[in-house]
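Trainee: Structure incoming, see below.
The values are calculated or read from the model by the stated rules, or taken from the named source; none is laboratory data. Predicted model only: the values in this text are computed from it and were never measured. Counting neighbours? That spans all protein chains shown, and the Cβs are built from the backbone with ideal geometry, glycine included. The accessibility values were calculated without ligands, DNA or RNA, using every heavy atom of the protein model including side chains. Shrake-Rupley method; radii C 1.70, N 1.55, O 1.52, S 1.80 Å.
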Amino acid sequence: MLFRSEVIGALSGMLWWWSSDGVEDNHIRDAGLDPSDRTLRLAIRLARELTGFPRHLSQHTGGFVITRGLLEDIVPIGNAAMDERTMIEWDKDDLDQLGLLKVDVLALGMLTCIRKSFELLKHLYDKDLTLTTVPWDDEQVYDMICAADTVGVFQIESRAQMSMLPRLKPRCYYDLVIEVAIVRPGPIQGDMVHPYLRRRDGKENEDCPSEELKAVLARTKGVPLFQEQAMRIAIVAAGFSPGEADRLRRAMATFRHVGTIQTFRDKFIEGMVKNNYERDFAERCFRQIEGFGEYGFPESHAAAFALLAYVSSWIKCRHPDVFACALLNSQPMGFYAPAQIVRDFRDHGGEAREVDINHSFQDCTLEPGAAGAVKVKEQATAELRLGFQQVKGLSTDDAKAITEARGEGYTTLDEFAARTSLPVHKLKILAEADAFRSIGLDRRQALWAVSRYAETGTPAAMLKGLPLFAATNSSPLASEAEVSLPTMKLGEHVLADYIAIRMSLKAHPMALLRPVFQKRDYLPAARLRTLTTGRLVQVAGIVLIRQRPGTASGVIFSTLEDETGIANIIIWPKVFEEYRRIVLGARLLGVRGRLQSEQGVIHVIAQEMFDMSGHLGGLADIEPAAGDFLSPSDEVRRSVEEDHRGSRPKSLPPTETALIAQTLPKGRNFH
């Protein structure tokens, strides 16, 4: 049974992440396929039968088992794929049943980012810092956090965290501990978030019917937010022994499908009633604790994460150049792709420079800013030079060849090709990335110059058979007559940038398309903050992220980006089902809905949605008036029709459709 990749892509594109529901008949029709097709129905039936089977056996690389004697005498050990690495063939539950000690070491990309930030701070600004010596209680850092200006910051960069920050308004370290812990499925499912916020704002009294409970819950306004608090409540209010409380902790630490926390319900509630607590209060306490079965945090875990959240916030606030550079060099990690990191840096007054054969290294680097460069937070900001790592198809060895042979710099393409010995297809990749500007060649000129190597071979390859030329350091290629090439339009450059480096420093696609969208009454994202809540608005932008938390009852939170900033969209389940194909498939999304603004948090509640991706096909024909544009995002998805309820717009030619698919990568879906 064979299906073309287009059919498989169309079917999988109608699903949200992993789904046990599978593809329904109406989804098949929306994908342009026939649900009554015998072969298709057989394939879907077989796929449903496979649902729930293990996909693979995963390894926990950060888990360590400690035994008194030799480990191999107790558990079976196998070889892992990596050299000199082994793995235990039992899972964590087997180890727990046997009482073996297992220690989990959590690997965090942000630790790498912070280490690289400290190295840059030492090198550029002569600041020797560690996690313990970063200045604490910096008011400007907390101002930045309260404004939800936290793109790239550890833990508090998601849309849910950004929406919470202006409401919780952290002003000290422990506030960050609360912030990290409260935006979790446990507190949300346990109905702990709103009571805590009301009490923090003085709108509700703290509800602690005994001094014992008050001692446990005083720091969190009478609301249990941490696993340790749940254990203490079980001991002081429900009469649990320390051993029973530890078993309760283990139950809270398991995922919901295990369901073991329910076994403690009767003992907990009856224990509190026996100790003179009202049954209604006891049931509310257990419901809150039960929420931890949906993933709750220990206070120590939240405290460690809050430390990294503050340190990364301090670096971003005080040294945005260092933070952006270190974050790019620590990818892949976090919520945002490189293009959004660069965009955020430029939004804060930073300057970014293109990949270039004479200036770039494998990693992104910082270069001295021009005279009179913008200062951010009173701190002189270096300029960010994109590294070869951003160029799709270029390897670490290629970058090494370029930098090691560079010396005092390259002056011609022939010289570059001869000294680096890169093959023709690698030279073409660099030309497509517009990396030859420093030797006077723009993208089209470089591609034209490289094209002759396809017939003759590169100078390095030719010199191997011509020792006389090699000895005299002469080029074996004759000088080529100058050719007048048509100038590439800005829109062409933007599309080519997206293909080569997944972003563009020249312009944002929406900046080029703004005249078209302005005629259709689509507002720039930056305008939303100036409007009153409840107003009907239209916004459009490149789809960055779609998030469907398990605690949000099917609600999807989508983030769109245009040339002025981002717009946050809330999509209710009924709207999602009506516009499923557009929500999951559009690269350029248009939304009509009601503006919601509360405590500085702005959303658009979607009522109608339109796939505007067809407009991207015309970018190559656009040459606007002179202007300075912001860098764009790079996270979007494949194209579908503009409005599935109305007439279908004229289809793009296959070459243009393929170009859009190649140019704008898939968006990021999160739970």
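Trainee: In the range 384-447, which GluC sites (Glu not before Pro) are in a loop and have at most 15 other Cβ atoms within 10 Å, using DSSP for the loop call? Kindly include the intermediate steps, with their values, before the conclusion.
Mentor: Working: sites: Glu404, Glu408, Glu415, Glu432; in loops: Glu408.
Within the range 384-447, the qualifying GluC sites (Glu not before Pro) (loop, at most 15 other Cβ atoms within 10 Å) are Glu408.
Trainee: Sorted by average packing, counted as other Cβ atoms within 10 angstrom per residue and highest first, what order do 499-511, 528-540, 355-367 take?
Mentor: Numbers: 499-511: 23.2, 528-540: 14.5, 355-367: 19.8.
Ranking the peptides 499-511, 528-540, 355-367 by packing returns 499-511, 355-367, 528-540.
Trainee: Would you mind checking the range 120-138 for residues with the amide N under 15 Å from a putative spin-label position 7 Å along Cα→C-beta of Phe361?
Mentor: 120-125
Trainee: Summing Lys, Arg as +1 and Asp, Glu as -1, what charge do residues with Cβ under 10 Å from the Cβ of Pro509 carry, Pro509 excluded?
Mentor: It works out to a net charge of -1.
Trainee: Given Cβ point charges of +1 (Lys, Arg) and -1 (Asp, Glu) and nothing else, what value in debye, to the nearest 20, does the dipole of the range 148-251 about its Cα centre take?
Mentor: The dipole magnitude comes to about 160 debye.
Trainee: What order do you get for 487-498, 195-206 when each peptide is scored by the mean count of other beta carbon atoms within 10 Å, highest first?
Mentor: Going from most to least packed, we get 487-498, 195-206.
Trainee: Compute the distance in nm between two label points, each set 7 Å from the Cα along the Cα-to-Cβ direction, one at Gln97 and one at Glu455.
Mentor: 7.2
Trainee: Sticking with the crude label model, points 7 Å out along Cα→Cβ, report the distance from Ser484 to Ser597 in nm, one decimal please.
Mentor: 5.3
Trainee: Given 0.36 nm per residue, what is the gain on full extension from Glu204 to Val555 after removing their alpha carbon distance, in nm?
Mentor: Gain in length upon complete extension: 123.5 nm.
Trainee: For the range 273-282, just list the computed ³J(HN,Hα) in residue order, Karplus coefficients 6.51, -1.76 and 1.60, θ = phi - 60°, integers in Hz, with x standing in for Gly and Pro.
Mentor: Result, rounded to whole Hz: 4, 4, 8, 6, 9, 4, 4, 4, 5, 5.
Trainee: Starting from 0.36 nm per residue, how many nanometres of slack lie between Thr412 and Leu108 once their C-alpha separation is accounted for?
Mentor: Additional length available on full extension: 105.1 nm.
Trainee: For labels at Ala215 and Gln518 in the simple 7 Å Cα→Cβ model, what's the distance in nm?
Mentor: In this crude spin-label approximation the distance works out to 6.7 nm.
Trainee: If you project the alpha carbons of the range 504-587 onto the principal axes, what extent comes out on each, in Å, largest first?
Mentor: 38, 31, 20
Trainee: For Phe305, what charge total do you get from the other residues with a beta carbon under 14 Å from its beta carbon, if Lys and Arg give +1 and Asp and Glu give -1?
Mentor: Value of the local net charge: -3.
Trainee: Tell me, what are the semi-axes, in whole angstrom and largest first, of the equivalent ellipsoid of the range 60-147 as set by the roots of 5 times the Cα gyration tensor eigenvalues?
Mentor: 42, 17, 12
Trainee: So how compact is the range 137-241: Cα radius of gyration and Dmax in angstrom?
Mentor: In Å, with Rg to one decimal and Dmax whole: 14.9, 46.
Trainee: With a 1.4 Å probe and all protein chains left in place, how much of the accessible area of the range 515-611 comes from carbon and sulfur atoms, in whole percent?
Mentor: 50
Trainee: Tell me, what HN-Hα J-couplings in whole Hz come from the Karplus equation 6.51 cos²θ - 1.76 cosθ + 1.60 at θ = phi - 60° for each residue of the range 145-151, using x for Gly and Pro?
Mentor: Taking θ as phi minus 60°, the curve returns 5, 5, 7, 6, 8, 10, 4 Hz for the range 145-151.
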